[in-house]
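To start, the structure under review is shown below, and the notes come after it.
None of the figures in this text is laboratory data; all of them are computed from the coordinates on show. If you're wondering where the values come from, they're calculated on a predicted model, not measured in any experiment. Virtual Cβ from ideal backbone geometry, glycine too; neighbours counted across all protein chains shown.
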Amino acid sequence: MRKTMEVVGLGILAVLFWITYSALNGPEKLPNRIPTHFDISGQPNAWGPPGFLWFLPLVAIGLYLLMTVLGSIRFRRYNLPVAVTESNLPFIQEQTSVMVTWIKCEMLCLFAYLQWSIIQSARTSQFRLSPLLIPVFLVVIFSTVGWHLAAIIRGAKARIDSSDPMMNIGKY
């Protein structure tokens with residue numbers, strides 16, 4: 001599952017770069033001034049040249065690489081409401097890596113959507129982002145963390161119970 005999500009993440013990153021490249025080098029030229037930042041209501045409050053569009057893909061690749069490195073480090077200590085033991089540590093490490101991979105994909109989807117929205121608003125002169133974008137994104141991220149955290153806790157507890165022979169006395 002994790003490797004599939006890594007491929008999906010790289011595909012989204014490629015789409016982000018393709019969106020940017022085609023907007024800057026395609027047949028439809030962008031205006032000399034494009035929105036580069038939006039306020040909480042979705043209205044642009046900063047403007048810049050079209051070349052500024054490369055900023056978002058560069059930030060995306062930087063965050064992607066940082067999260068990939070952090071997700072691949074095998075920590076031995078976790079702050080979880082379940083005991084981390086030798087029997088459940090590999091499970092916790094794998095599930096944490098899967099969670100980080102999902103969050104990377106969600107982050108890249110947000111960046112691709114933002115880039116597409118900036119380009120479309122520059123081309124149509126209708127400068128506005130949906131004010132629901134950030135709340136929806138936060139719900140998605142926190143749901144992903146909550147879902148995986150619950151799975152980690154359940155799986156870690158099950159591995160503690162099944163590995164301790166004293167816990168199985170009287171179950172037969």
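I'm checking a number: the convex hull volume of the Cα atoms of the chain, normalised per residue, in Å³. What is it?
Cα convex hull per residue, to the nearest whole number: 131 Å³.
What residues have an amide H closer than 5 Å to that of residue 47, excluding those fewer than 5 places away on the same chain, when H is modeled at 1.01 Å from N in the peptide plane?
Long-range HN contacts for residue 47: 36.
Where is the GNM fluctuation largest for the chain (alpha-carbon springs, 10 angstrom cutoff): 23, 150, 122?
Maximum among the listed residues: 150.
Scan the range 77-106 for GluC sites (Glu not before Pro) in coil per DSSP, keeping those whose Cβ has at most 15 other Cβ atoms within 10 Å, and list them by number.
For GluC sites (Glu not before Pro) across the range 77-106 that sit outside H, G, I, E and B with at most 15 neighbouring Cβ atoms in 10 Å, the list reads 86.
If exposed trypsin sites (Lys or Arg not before Pro) are those in a DSSP loop with at most 16 other Cβ within 10 Å, what is the longest stretch of the chain that has none?
78-127
Pairs of Cα atoms under 8 Å, at least six residues apart: use those to get the relative contact order of the chain, whole percent.
Relative contact order, the chain: 32 percent.
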